[in-house]
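Data first, discussion second: the structure below is written as structure tokens.
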């Protein structure tokens, strides 16, 4: 039962933080100047940065390699440009996925002069180094923007998901307040759940925005939304 699970809890208030004026960023795992040897990542999941970018602020062109990088926009807009020729503006509810591969350069900035951008930037270590860089996007099907559980990224692109070079299934959870979604975690796999907005409960334990929980034992996990507009990202990882 859910109440007997061996949950490993990571509270929002325990994360690393960096303030740069134009950027306020909270780091779930060690990143840049924030180093915590107890939180270097989880399986192939290496980075979850909870970023708030001020109007007209952003990251200038910089390089990456050998990392699967995706951004999920929660509010505002995010302009992306890269050395592969992609130039796009991301809107709330959309995901962009960039395979850095053997090397790519990109920039991201908030094009609004009045509204802050709020996003999660996530890095996953690929199962193969030196891949050809690639860019793709995931957007929900019309009329399914608020489905309670949607597969958004996978290793095989099933169910309309974007593809990643790693044995990972990543779900966007948007359960209505008072409703429950389930996830079956199989033997040998690990689950990481990050609350993006609102509040939810697993058994008697409540989690709010910025909180996370992990599990590494087979179980049927029941996740109940405690507020309207609750959103979370669930990682099922080898």
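The values are calculated or read from the model by the stated rules, or taken from the named source; none is laboratory data. Since we're looking at a predicted model, the values are computed, not measured. A quick note on method: Cβ atoms are made from the backbone with ideal geometry, for glycine too, and the neighbour counts reach across all protein chains shown.
Per the listing 129, 105, the residue uniquely loosely packed, with under 14 Cβ neighbours inside 10 Å, over 22 Å from residue 9 (Cα atoms) and modelled with pLDDT of 95 or more is 129. The residue list 217, 228 contains one member that is in contact (Cβ under 8 Å) with a residue 24 or more places away in the chain, out of contact with any strand residue (DSSP E or B) (no Cβ under 7 Å at 6 or more places or on another chain), within 17 Å of residue 149 (Cβ to Cβ) and part of a loop (DSSP other than H, G, I, E, B), which is 228.
Here segment 172-184 is the region considered, the condition is being closer than 28 Å to residue 51 by Cβ and part of a strand (DSSP E or B), and the residue that is nearest to the chain's Cα centre (by Cα) is 172.
Selection of first residues in segment 143-161 that are buried (at least 18 other Cβ atoms within 10 Å of the Cβ) and of second residues that are at pLDDT 95 or above and in a loop (DSSP other than H, G, I, E, B), restricted to Cβ pairs under 6 Å at least 6 apart or on distinct chains, gives the following pairs, ordered by first then second residue: 151/161; 152/161; 153/161; 153/164; 154/161.
Checked against the criterion of being modelled with pLDDT of 95 or more and either in a loop (DSSP other than H, G, I, E, B) or more than 16 Å from residue 193 (Cα to Cα) (or both), the candidates 69, 9 yield just one match: 69.
Of all residues in segment 72-95, those being closer than 25 Å to residue 173 by Cβ and part of a loop (DSSP other than H, G, I, E, B) number 6. For segment 73-92, the criterion of being within 24 Å of residue 167 (Cβ to Cβ), touching a residue at least 24 places away in the same chain (Cβ under 8 Å) and in contact with a strand residue (DSSP E or B) (Cβ under 8 Å, 6 or more places away or on another chain) is met by no residue.
Taken as a whole, segment 187-198 holds no residue that is modelled with pLDDT of 95 or more, in a strand (DSSP E or B) and over 16 Å from the mean Cα position of the chain (by Cα). Taken together, 28, 61 contain a single residue that is at pLDDT 95 or above and either more than 19 Å from the chain's Cα centre (by Cα) or surrounded by fewer than 18 Cβ atoms within 10 Å (Cβ to Cβ) (or both), which is 61.
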